[in-house]
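Please treat every number below as a calculation from the coordinates, not as lab data. Because the structure is predicted, anything quoted here is derived from the model rather than measured. Reconstructed Cβ throughout: ideal geometry from the backbone, glycine too, with neighbour counts over all protein chains shown.
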Amino acid sequence: MRRVGQYANISVFDVADNEALHRILWNLPLFPYLTIEVTPLAQHSSDLATGEPRAAGA
């Protein structure tokens, strides 16, 4: 995604752990010139994609 009005991107990486993310970022060709901010995300508790049954009445 492109941030409006800025020379910046927003990227979402689905990785197994911090080490996997670290490897991806360090292998980016422009990594030495980037300013990177990492914001951890969590799966939403009512995400239907989890396959877990929802509580009755929810």
Separation of the Ala42 and Val15 label points, Cα + 7 Å toward Cβ, nm: 2.0 nm
Packing rank of 18-24, 8-14, where each peptide gets the mean count of other beta carbons within 10 Å, highest leading: 18-24, 8-14
